[in-house]
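Only one structure is covered here, and it is reproduced in the block below.
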Amino acid sequence: MFQSFEDKADGSHGKARASALRAMFDPLGIDGFIVPRSDEHQGEYVPPSAERLAWLTGFTGSAGTAVVLAEKAAIFVDGRYTVQVRDQVDVSVFEPVFVIETPVSAWLRANAPDGARIGYDPWLMTRAQVRQIARALEAVGGEMVRIDANPIDALWQDRPGPPLAAAAEHPNDLAGRPVAEKLAEIRDAIREARADAAILTDPASVAWAFNIRGGDVPHTPLPLSFAILHADHRPALFIDGRKLSNALRDRLEDVADVLEPGVFRDALEALGRARRRVLYDPNGSSEAVAFFVEETGGAIVEGADPVALPKARKSAAEIAGTRRAHLRDGAAMVRFLAWLERAASDGTVTEIAAAERLETIRTEMAEADGVPLADIAFDTISSTGPNGAINHYRVTRRTDRALAPGDLYLVDSGAQYRDGTTDVTRTILVGSATPERLGLYRDRFTRVLKGMIAIATARFPKGTSGAQLDALARHALWQAGLDFDHGTGHGVGAYLSVHEGPQRLAKTGHTPLEPGMILSDEPGYYLPGDFGIRIENLIVVREAGAVPGGERPMLGFDTITLAPIDRRLIAPRLMNAAEIAWLDTYHMRVWGALSGWPGLTGDERAWLGAACRPIAG
């Protein structure tokens, strides 16, 4: 199994480990230290060797930061982890703080002593993060202090070694573009930024640029690596040679100098000594990268990662591969949903059993199709009853809950296949519910569905951002005084990260949407302590054609995901004719695409036919 359901948290050592860290303050000349959940690449997923926050505090969420001062300490998390952090961390040692209301900078301004010197590892924080905290410390006469040797590493006696998963070529028939063409586009972007070189620290950017994939972090096929791309000569790729076969090394050396990561700092300093102007992303790259360039005489040109936008605009081959992956994944979802309807009605199926069953089905269906499941795209969110109200809930042996008749079951899952990445959420009624309960479920579910359809059917002028569309997904909920506290959608990679930027459907998604971008469309509703609802399809931006009498080029979305939506939870009276037509047409597509899938049984096809009946049928 790709997913572990063991609760790896161990906050029992929090007090001793915080004390050990504090004992290092005087020798380092600091009054506090910041421990983010990050590595040198600032990615969502980190290898075990970089789980410093978990080692210190016991917290295993995918985002968080601890700050340890001489007399107090805090751990900062967002809304996904407000429950989890209290379960995993000794709160008598680390005060949980909701980072949206009180950022690290504001907490330090209020709690750091006058003149405080706060240490940080410059490889684990971006320049933007360092600046924000430094400004806050100035208010109390304090300062940020760069610590080159992370004290956590000196204390962590059984720290794992760095990952060494084999890297693999991502062939042109899946990538759609050869490496030389991609590098030429990036060189043009470097020149346009009036820079001489660009630093790539995001392994997803490196993987895309050089058409390689790996397995160094969970659930995302990344080879941890860096790259320096020059405007006027060959790039340099910094990757541990033990990850490369001879054939892959030869292929990479045709287009780049292949070097060990241990000389990356030397290369940054060489750029500085050559007085190069270096394009650097202050929001996505480590402070150390900019420091080593500037310290030796170079100039930093701040700007976005030049790979981010080209990577987001999927090639025709990437879109075709993603569609193939969703056919395979849709068939797996049909088998899973049909099984769930039969098996869960007696209350014996648990959240873990359901997640394990889904992973097994995906594995079997992928093998039968000749495209093995490379990994799940993220830990499956398998949640029922009150657990469904916890956005990004992660089930463990301790929290595992049975799917009880009358409850809702929310399953948010995805897969990594070599031809594409999937991410789908469905909310299902377990058994039957009382009329009063069913009425509440249907009202909320239908409003969420209306929001998803509003995004799926939107037409918008070129230049429109996700922030401008986000309200469409909320309108039906707003009419009832309701809302959800997450973005409507995130970007999705092509056999890369399931959470990809810069494209987003969110209040903060200010990047204009362009054809080829893949995003999730996933509004929701959550009643704390009771239930949660989310419906998610992936969509791809496309040219929408001219509107009769219109004046501007328009864009729209195609829906990629293929999986039935639970008709039992829909209140047709809340939907207009166009919404019902969209849903019926979508279900006709699902039936047409999946009913002939060779792996499905007769019973599963019969279930699919019933699940895809017209809403009025």
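The values are calculated or read from the model by the stated rules, or taken from the named source; none is laboratory data. Every value quoted in this text rests on a predicted model; they were computed, and no experiment measured them. Note: ideal-geometry Cβ built from the backbone for every residue, glycine included; neighbour counts use all protein chains shown. Each accessible area value is taken on the protein alone, full model and side chains, heavy atoms only, with ligands, DNA and RNA left out. Shrake-Rupley method; radii C 1.70, N 1.55, O 1.52, S 1.80 Å.
Go through LYS243/LYS311; LYS182/LYS462; LYS182/LYS314; LYS462/LYS507; LYS314/LYS462 and tell me which ones have a Cα-Cα distance over 20 Å in this structure. Intermediate results must be reported in sequence, preceding the final value.
Working: LYS243/LYS311 23 Å; LYS182/LYS462 24 Å; LYS182/LYS314 12 Å; LYS462/LYS507 18 Å; LYS314/LYS462 17 Å.
The pairs that break the limit, which is 20 Å between Cα atoms, are LYS243/LYS311; LYS182/LYS462.
Determine the sum of side-chain charges near ARG542: Lys and Arg each +1, Asp and Glu each -1, restricted to other residues whose C-beta is under 13 angstrom from that of ARG542.
+2
Give me the extension gain from ALA404 to ALA593: residue separation times 0.36 nm, minus the current Cα-Cα distance, reported in nm with one decimal.
On the way: separation 189, 0.36 × 189 = 68.04 nm, distance 3.19 nm.
Full extension of this stretch gives 64.9 nm more.
Packing-wise, with mean Cβ within 10 Å as the measure, how do 538-551, 178-191 rank, highest first?
Details: 538-551: 14.2, 178-191: 16.1.
Most protected by this proxy first, the peptides run 178-191, 538-551.
Any idea what the relative contact order of the range 456-575 is, in percent, if you count C-alpha pairs under 8 Å spaced at least 6 apart? Show your work: numbers first, answer last.
Values: 230 pairs, mean separation 31.0, N = 120.
Over the range 456-575, the number comes to 26 percent.
How many percent of the accessible area of the chain is carbon or sulfur, using a 1.4 Å probe? Please list the in-between numbers first.
On the way: 12120 of 23720 Å².
Of all accessible area on the chain, carbon and sulfur atoms account for 51 percent.
Using only the alpha carbons, work out the radius of gyration and Dmax of the range 12-59 in angstrom.
Rg, Dmax (Cα atoms, Å): 12.0, 33.
Going through the range 267-337, which trypsin sites (Lys or Arg not before Pro) have at most 11 other Cβ atoms within 10 Å and a DSSP loop state?
Hits after loop and neighbour filter: ARG275.
Excluding ligands, DNA and RNA, what is the solvent-accessible area per residue of the range 533-617 at a probe of 1.4 Å, expressed in Å²?
45
Cβ neighbours within 10 Å, averaged per peptide: list 587-595, 494-502, 431-439, 336-344 in order, most packed at the top.
On the way: 587-595: 17.0, 494-502: 23.2, 431-439: 12.4, 336-344: 18.8.
The packing order, highest mean first, is 494-502, 336-344, 587-595, 431-439.
Averaged per residue, what accessible area in Å² does the range 352-475 show with a 1.4 Å probe, protein chains only? Don't skip to the answer; put the middle values down first.
Details: 4020 Å² over 124 residues.
It amounts to 32 Å² per residue over the range 352-475.
Measuring from centroid to centroid over Cα atoms, what is the spacing of the range 418-473 and the range 228-299 in Å?
Measuring centre to centre over Cα atoms gives 43 Å.
Below 12 angstrom from the Cβ of THR457, what's the summed charge of the other residues (Lys, Arg +1; Asp, Glu -1)?
On the way: positive: LYS450, ARG459; negative: ASP521, ASP558, GLU579.
Net charge in that neighbourhood comes out at -1.
For LYS15, give me every one of the aspartates and glutamates with a C-alpha distance below 16 angstrom, ignoring sequence neighbours fewer than eight places off in its own chain.
Cα-Cα hits under 16 Å: GLU71, ASP87, ASP90, GLU95.
If we sort 388-397, 208-217 on the protection proxy, mean other Cβ atoms within 10 Å, highest first, what's the order? Walk me through the numbers before you get to the answer.
Working: 388-397: 21.0, 208-217: 24.6.
Per-residue Cβ counts within 10 Å, averaged per peptide and sorted highest first, yield 208-217, 388-397.
If you find the alpha carbon centre of the range 576-593 and of the range 521-545, how far apart are they in angstrom?
Using only Cα atoms, the two centres lie 17 Å from each other.
I need the phi-derived Karplus couplings for the range 91-101: 6.51 cos²θ - 1.76 cosθ + 1.60, θ = phi - 60°, integer Hz, Gly and Pro marked x.
Whole-Hz 3J(HN,Hα) from phi for the range 91-101: 6, 6, 9, 10, 6, x, 10, 6, 5, 5, 7.
Quote the FRET efficiency, to the nearest 0.05, computed for ALA149 versus ARG542 with a Förster distance R0 of 56 Å and r equal to the Cβ-Cβ distance. Could you put the intermediate results ahead of the total?
Numbers: r = 51 Å, r/R0 = 0.90.
My answer for the efficiency is 0.65.
Once the piece of chain linking HIS510 and ARG313 is laid out straight, how much longer is it, given 0.36 nm per residue of separation minus the C-alpha distance between them? Don't skip to the answer; put the middle values down first.
Values: separation 197, 0.36 × 197 = 70.92 nm, distance 1.59 nm.
Gain on stretching HIS510 to ARG313: 69.3 nm.
What do you reckon, how do ARG552, ARG159 stack up by accessible area (1.4 Å probe), largest on top? Show your work: numbers first, answer last.
On the way: ARG552 170, ARG159 90 Å².
Ranking ARG552, ARG159 by accessible area, largest first, yields ARG552, ARG159.
Evaluate the Kirkwood expression for the hydrodynamic radius of the chain, namely the inverse of the mean inverse distance over all pairs of different C-alpha atoms, and round to one decimal in Å.
Details: mean 1/r = 0.0390 Å⁻¹.
For the chain, the Kirkwood estimate is 25.7 Å.
Can you give the accessible area per residue of the range 144-250, in Å², using a 1.4 Å probe?
Working: 4240 Å² over 107 residues.
I get 40 Å² per residue for this part.
In whole Å, how far is the Cα centre of the range 153-178 from that of the range 76-143?
Taking the Cα centre of each part, the range 153-178 and the range 76-143 sit 30 Å apart.
At a threshold of 8 angstrom on Cα-Cα distance, excluding pairs fewer than six apart, so keeping six or more, what relative contact order does the chain reach in percent? Could you put the intermediate results ahead of the total?
On the way: 1338 pairs, mean separation 67.4, N = 617.
Taking the mean separation of contacting Cα pairs over the length of the chain, I get 11 percent.
How much net charge surrounds ASP407 when only other residues with a Cβ under 10 Å from its Cβ are counted (Lys, Arg +1; Asp, Glu -1)?
Details: positive: ARG401, ARG437; negative: ASP530.
Residues near ASP407 contribute +1 overall.
What do you reckon, how do THR559, THR348, THR82 stack up by accessible area (1.4 Å probe), largest on top?
Working: THR559 15, THR348 95, THR82 60 Å².
The residues order as THR348, THR82, THR559, largest area first.
Apply the Karplus parameterisation 6.51 cos²θ - 1.76 cosθ + 1.60, with θ equal to phi minus 60°, to every residue of the range 226-240 and state each ³J(HN,Hα) to the nearest whole Hz, in sequence, with x for glycine and proline.
Each residue of the range 226-240 in turn: 10, 8, 10, 10, 9, 6, 10, 7, 4, x, 10, 10, 10, 8, 4 Hz.
What FRET efficiency do you get for ASP483 and ASN246 if R0 is 60 Å and r is their Cβ-Cβ distance, rounded to the nearest 0.05? All intermediate terms of the calculation are to be shown ahead of the outcome.
On the way: r = 55 Å, r/R0 = 0.92.
Result of the calculation: an efficiency of 0.60.
In sequence order, what are the phi-derived ³J(HN,Hα) couplings for the range 288-300 according to the Karplus relation 6.51 cos²θ - 1.76 cosθ + 1.60 with θ = phi - 60°, rounded to whole Hz, with x for glycine and proline?
4, 4, 5, 4, 5, 5, 5, 4, 9, x, x, 10, 8
As a test, work out the antiparallel percent of DSSP beta bridges whose residues both lie in the chain, rounded to the nearest 5. Don't skip to the answer; put the middle values down first.
Working: 56 of 75 bridges.
The answer is about 75 percent antiparallel.
In square nanometres, what is the average projected area of the Cα convex hull of the range 1-151? Please list the in-between numbers first.
Details: hull surface 35.0 nm².
The orientation-averaged projected area of the Cα hull of the range 1-151 comes to 8.8 nm².
Work out how much length ASP254 to ARG613 would gain on full extension: take 0.36 nm times their residue separation and subtract the Cα-Cα distance, in nm to one decimal. Numbers along the way, then the final one.
Numbers: separation 359, 0.36 × 359 = 129.24 nm, distance 5.47 nm.
Computed gain between ASP254 and ARG613 is 123.8 nm.
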